[in-house]
Amino acid sequence: MNLLAARSRTAARRLRTALLNVRDLLLSAGPLAFLAVGLVALAYWWLQPNPPRRVTLATGPAQSAYAEFGQRYRKALAADGIDVVLLESEGSSANLQLLRDGAADLAFVQGGTGELQPGDAEELESLGSLFVEPIWLFYREDAARRVTESGRLTSLAQLRGLRVNVGTPGSGVPTLMDKLLEANRVDPARVHRTQLGQTPATVDFLAGRLDALVFASAPESLMVQMLLQTPGVRLMDFPQNEAYGRRFPFLTPVTLPRGVVDLAANVPPSDVRLVASTTSLLARDGTHPALLQLFAQAAQTLHGGAGWFNRARDFPNTRHSELPIAAEGDRAINGSPPLLQRYLPFWLANLIERMWLVLGVLLAAMLPLSRIVPPLYQFRVRSRVFRWYGRLREIEDEMETGQSTPEALRTQLDRLEAQVEKVSVPLSYAEELYALRNHIHLVRRKLRPAQG
């Protein structure tokens with residue numbers, strides 16, 4: 001029983017010593033740690049390294065290529081916990097205005113379909129060119145025979161007198177067509193233009209109430225694929241597509257290869273020369289950089305493959321941009337993926353990437369301050385021992401001056417020794433504790449001759 005009790009007392013003393021050491025360490029390093037945590041919290045509040053969980057992307061009309069790509073971006077960013085709210089619009093020009101009004105954070109905008117304002121270069125930035133959108137000018141063969149004997153249109157000048165739908169104002173196609181008609185010296189009044197939406201215009205076109213249909217869209221559009229395979233409907237060839245590309249910087253000459261739509265049916269039956277504008281992903285200035293990085297990285301996957309008009313890895317690119325390229329877009333397109341994102345989750349890699357400079361500065365400032373922690377900890381531990389030296393000095397003074405009797409001094413020494421026995425210090429500081437006990441015995445030995 002005595003052995004068990006001794007072991008219990010020893011274990012209790014060790015636990016008490018450990019707790020005291022932890023307390024002293026916390027009291028010594030606590031203020032510095034509190035300062036560091038406060039500075040990190042302040043830097044986090046100031047930098048806002050993690051992006052908001054919700055972002056608005058302006059797309060286009062329902063069932064358009066923009067709407068389809070919007071769904072793909074939404075799915076891609078959902079993997080990183082970002083909710084992409086898709087905002088339908090009439091098209092490119094409407095998207096540009098939504099960005100200006102702050103109703104959308106990002107948007108698909110087609111080059112040349114809107115007039116840029118002086119402040120756009122400061123308020124908007126581009127994440128790069130994503131894909132080309134050819135100008136699809138479909139016409140009815142029976143209507144074309146009224147203009148040419150061959151029943152084929154090869155020039156915009158041949159649209160005089162025809163009923164042509166050029167799309168809604170928000171799509172930007174009417175503005176683009178005005179520029180092209182003006183370049184061909186065609187008075188817009190000589191063309192019977194309508195501005196219906198894509199679906200009602202297609203219905204009227206197929207019913208014969210329209211002679212031609214103009215819209216700009218990526219080949220992924222279901223409407224494009226349907227019209228390319230509709231009997232009696234032809235796609236206008238642009239023999240001067242190279243000249244259009246030289247005259248208008250936002251246009252690119254492209255070729256729809258023979259049989260690319262349907263190899264078995266040989267659709268189209270021959271190469272078709274077209275002009276195409278380049279669609280970019282624009283963002284408002286102030287959109288969180290991490291969101292721009294996520295969208296730019298998603299663009300690499302969604303638009304990097306081969307298509308009807310491009311080879312693999314032709315897009316995204318930083319060419320044909322009418323607005324400044326965002327740093328995140330340039331890095332995603334022309335640089336390599338961030339090193340940390342290869343091994344860490346996006347939120348953690350992004351946090352470290354955007355706060356590493358602050359953390360480095362904080363570390364540089366904390367290192368000199370951290371040097372005061374060991375001396376402070378040492379002082380706190382040694383003070384457990386040294387505080388009793390004051391009491392021992394008082395007893396020794398009383399003994400030398402004879403103010404107290406030997407019995408009273410011995411009682412005081414016994415009480416002091418009992419209190420010192422309860423003192424616990426780490427092993428590295430045990431020397432001071434044993435030195436105190438030796439000094440108590442030294443005073444006790446001095447007391448005996450005085451008593452004798």
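For this structure, a couple of remarks:
- The lone exception for GLN293 - which of (1) more than 30 Å from GLY119 (Cα to Cα); (2) surrounded by 17 or more Cβ atoms within 10 Å (Cβ to Cβ); (3) modelled with pLDDT of 85 or more it fails: (1)
- Residue ID - least open to solvent (accessible area, probe 1.4 Å), chosen from residues in the stretch 111-148 that are of a type in the set (S, T, N, Q) and modelled with pLDDT under 85: THR113
- Taking residues in the stretch 182-206 that are open to solvent by 80 Å² or more (accessible area, probe 1.4 Å), and partners anywhere that are modelled with pLDDT of 90 or more and of a type in the set (D, E, K, R), the pairs with Cβ atoms closer than 6 Å and at least 6 places apart or on different chains are ARG190/ARG160; HIS192/ARG163.
- In the stretch 46-64, of all residues being under 9 Å from GLU88 (Cα atoms) and open to solvent by 20 Å² or more (accessible area, probe 1.4 Å), the one that is modelled with the highest pLDDT corresponds to PRO61.
- Wholly enclosed helices (runs of 4 or more DSSP H) of the stretch 123-208 bearing at least 2 residues more than 47 Å from the chain's Cα centre (by Cα): 141-144
- Within the stretch 146-175, residues that are under 24 Å from GLY91 (Cα atoms) have Cβ atoms under 8 Å from residues that are acidic (Asp, Glu) in these pairs: ARG163/ASP211; VAL164/ASP211; ASN165/ASP204; THR168/GLU90; PRO169/GLU90; GLY170/GLU90; SER171/GLU90; THR175/GLU115, counting only partners at least 6 apart in sequence or on another chain.
- In the stretch 222-249, the residues that are open to solvent by 50 Å² or more (accessible area, probe 1.4 Å), out of contact with any strand residue (DSSP E or B) (no Cβ under 8 Å at 6 or more places or on another chain) and under 17 Å from VAL260 (Cβ atoms): LEU222, GLN225, MET226
- Test: residue in the stretch 350-358 that is more than 30 Å from LEU294 (Cα to Cα) and modelled with pLDDT under 80: no
- Filter result (in contact with a helix residue (DSSP H, G or I) (Cβ under 9 Å, 6 or more places away or on another chain) and either over 24 Å from LEU176 (Cα atoms) or of a type in the set (Val, Ile, Thr) (or both)) within the stretch 80-102: ASP80, GLY81, ILE82, ASP83, VAL84, VAL85, LEU86
The values are calculated or read from the model by the stated rules, or taken from the named source; none is laboratory data. No experiment lies behind these values; they were computed from the predicted model shown. Quick reminder, even Gly has a Cβ in these numbers, built from the backbone with ideal geometry, and neighbours come from all protein chains shown. Surface accessibility is based on the protein's heavy atoms, side chains included, excluding ligands, DNA and RNA. Shrake-Rupley method; radii C 1.70, N 1.55, O 1.52, S 1.80 Å.
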